[in-house]
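J.: First the structure, which I've put down as structure tokens, then a few questions once you've had a look.
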Amino acid sequence: MRRWFQTLTIGAVFAMCLASAAAAQNLSTLDRILKEKKIRITAEVTSPPFGILDQAGQPDGSEIATARQLAKDLGVELELVQVTAPQRIPALLAGRADVAISSLSITIDRAKTVAFANPHGALSIVIAAPASQSINSAADLAGKRVGITRATLEEAEVPKIAPKEARLVFFDDIAATIQALLSGQVDAVGMSAFAAKSIAERNPERNIESKFTVKTAYYAAALRPGDNELLRFLNTWVFLRTQDGTLAQIYEKYTGVKLVPLPAF
């Protein structure tokens with residue numbers, strides 16, 4: 001009888017352990033973040049003013065500041081997962097990051113693979129080039145070498161407006177695109193208006209200027225499909241931090257312009 005009871009007890013404890021392990025495996029991403037007190041967020045640090053390395057070599061920029069504010073409001077530690085532009089969504093889908101906050105513009109193609117929260121920022125894609133380049137419209141790109149960073153909004157939009165005579169040159173990160181422009185490897189580049197402004201200010205001798213706007217778009221945090229609890233939290237967080245002006249303050253601090261009214265899904 002005692003042996004039977006011991007066997008039953010051991011079996012019950014084992015079953016409880018299995019149930020506990022299964023419950024842990026079924027934790028939502030939000031529950032796990034709160035339980036572990038840590039959130040992993042992508043950080044692209046080669047895309048000013050969204051993500052840069054400061055003078056001390058530490059990540060900074062509007063999207064880094066947004067990630068830090070989110071972690072603070074969650075009451076958890078922030079782990080920044082450094083990525084290049086093409087790595088932002090793959091890092092998220094592979095589970096290396098819980099959220100991608102790296103100036104990810106909302107597009108139909110991206111929405112097929114990730115879930116977007118409500119937008120927390122806006123950007124304009126422009127064609128930038130030295131003042132010596134006579135470019136006033138898309139038609140003027142004919143015969144020009146135009147640099148574009150892969151896995152960005154400009155990769156999706158610039159080819160749509162470029163004439164067939166334009167020579168599109170693709171780079172894996174924005175640092176390479178910028179270097180190509182400054183070195184004369186390309187005649188013009190497609191990039192955010194903020195990045196173009198930053199390049200012009202840092203390299204006044206190059207006389208870089210924005211020639212025309214290709215498109216204005218909105219960017220948002222991206223999550224893995226199925227992370228519905230975290231998505232609901234992020235949408236609520238964006239709403240509240242938009243209402244109290246926190247997100248606008250971050251945006252204006254790093255971009256130098258006021259945040260436009262943001263739409264909601």
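J.: Take Ala65 and tell me if it is among the aliphatic types (A, V, I, L, M), more than 22 Å from Thr149 (Cα to Cα) and either at pLDDT below 95 or part of a helix (DSSP H, G or I) (or both).
T.: yes
J.: What number of residues within the stretch 139-175 satisfy the criterion of being open to solvent by 30 Å² or more (accessible area, probe 1.4 Å), of a type in the set (A, V, I, L, M) and at pLDDT 95 or above?
T.: Selection size over the stretch 139-175: 5.
J.: For the stretch 74-120, which positions are part of a helix (DSSP H, G or I) and open to solvent by 20 Å² or more (accessible area, probe 1.4 Å)?
T.: Leu74, Pro86, Gln87, Ile89, Pro90, Leu93, Ile108, Asp109, Arg110, Ala111
J.: Quick one: in the stretch 42-70, which of the residues that are without any contact (Cβ under 8 Å) to a residue 40 or more places away in the chain and either over 23 Å from Gly95 (Cα atoms) or touching an Asp or Glu at 6+ places or on another chain (Cβ under 7 Å) (or both) is most open to solvent (accessible area, probe 1.4 Å)?
T.: Here the answer is Gln55.
J.: Is the stretch 197-205 home to any residue that is in contact with a His (Cβ under 9 Å, 6 or more places away or on another chain), open to solvent by less than 60 Å² (accessible area, probe 1.4 Å) and not in a helix (DSSP H, G or I)?
T.: No: the stretch 197-205 contains no residue that is in contact with a His (Cβ under 9 Å, 6 or more places away or on another chain), open to solvent by less than 60 Å² (accessible area, probe 1.4 Å) and not in a helix (DSSP H, G or I).
J.: Quick test for you: out of Leu240, Leu230, pick the one residue that is exposed (fewer than 13 other Cβ atoms within 10 Å of the Cβ), part of a helix (DSSP H, G or I) and either in contact (Cβ under 8 Å) with a residue 12 or more places away in the chain or hydrophobic (A, V, I, L, M, F, W, C) (or both).
T.: That would be Leu240, the only listed residue that is exposed (fewer than 13 other Cβ atoms within 10 Å of the Cβ), part of a helix (DSSP H, G or I) and either in contact (Cβ under 8 Å) with a residue 12 or more places away in the chain or hydrophobic (A, V, I, L, M, F, W, C) (or both).
J.: Starting from the stretch 168-185, keep only residues that are free of Cβ contacts under 8 Å to residues at least 24 places away in the same chain, then list their pairs with residues that are open to solvent by less than 40 Å² (accessible area, probe 1.4 Å) and part of a strand (DSSP E or B) whose Cβ atoms are within a distance under 7 Å, requiring at least 6 positions of separation or different chains.
T.: Leu168/Val146; Leu168/Ile148; Phe170/Ile148
Residues are listed down the side, and each one gets a yes or a no for (1) modelled with pLDDT of 95 or more; (2) more than 11 Å from the chain's Cα centre (by Cα):
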| site | (1), (2) |
| --- | --- |
| Ser47 | no, no |
| Gln55 | no, yes |
| Ala71 | yes, yes |
| Gly75 | yes, yes |
| Leu78 | yes, yes |
| Ala85 | no, no |
| Leu92 | yes, no |
| Ala97 | yes, yes |
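The values are calculated or read from the model by the stated rules, or taken from the named source; none is laboratory data. Note that this is a predicted model, so its numbers are computed, not measured. All Cβ positions, glycine included, derive from the backbone under ideal geometry; neighbour counts span all protein chains shown. Quick note on the areas: whole protein, heavy atoms, side chains included, nothing else; ligands and nucleic acids left out. Shrake-Rupley method; radii C 1.70, N 1.55, O 1.52, S 1.80 Å.
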